[in-house]
Amino acid sequence: AVAIHLMHEPDLFTTLPPAAVISLAGHTHGGQVRLPIMGRGLVPSEYGKKYAYGHIYEFDRHLIVSAGIGTSILPVRFGVPPEITIVTVKGRAG
């Protein structure tokens, strides 16, 4: 069986069973601030910026981390626009 896993914190990705082929997460707000040259600021993750944002493919599984529409701690966003993520899942032939 194939599972789509919804979770708040992307750090859990490494602990999921192999059946969790697609995982959707938020929590990091994409780092909330991304400065030219310096990149993302602090990311609330034990993996640092690794799972901060976007589509990550690891362990034959997919993790999609959305920047979301909110903020955390300070109501500031710079270089990381708010987003509502739309994911389209297609089956494989064969």
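Taking the DSSP bridge list for the chain and keeping only pairs wholly inside it, about 45 percent are antiparallel. Taking the Cα centre of the chain as reference, the dipole from Cβ charges on Lys and Arg (+1) and Asp and Glu (-1) amounts to some 260 debye. Solvent exposure of the chain, expressed per residue, is 67 Å² of accessible area, with all protein chains present and a 1.4 angstrom probe. Note on the chain: dipole from Cβ charges, positive end direction compared against Pro17, Val2, Ala52; the farthest Cα belongs to Ala52.
Annotation for the stretch 44-94 versus the stretch 14-29: alpha-carbon center distance of 10 Å.
I want to verify a result. In a Gaussian network model of the chain, Cα cutoff 10 Å, which of these has the top mean-square fluctuation: Leu42, Leu74, Leu63? Most flexible of the set in this elastic network: Leu74.
Taking amide H positions as modeled 1.01 Å from N, with prolines and chain starts lacking one, the residues under 5 Å from His62 and 5 or more places away or on another chain are Ile22, Ser23. Surface composition of the chain: carbon plus sulfur atoms hold 64% of the accessible area, using a 1.4 angstrom probe and ignoring ligands, DNA and RNA.
The values are calculated or read from the model by the stated rules, or taken from the named source; none is laboratory data. Model, not experiment: these values are computed from the prediction. Every residue, glycine as well, gets a Cβ built from its backbone with ideal geometry; the counts of neighbours run over all protein chains shown. All accessible areas refer to the heavy atoms of the entire protein, side chains included, with ligands and DNA or RNA removed. Shrake-Rupley method; radii C 1.70, N 1.55, O 1.52, S 1.80 Å.
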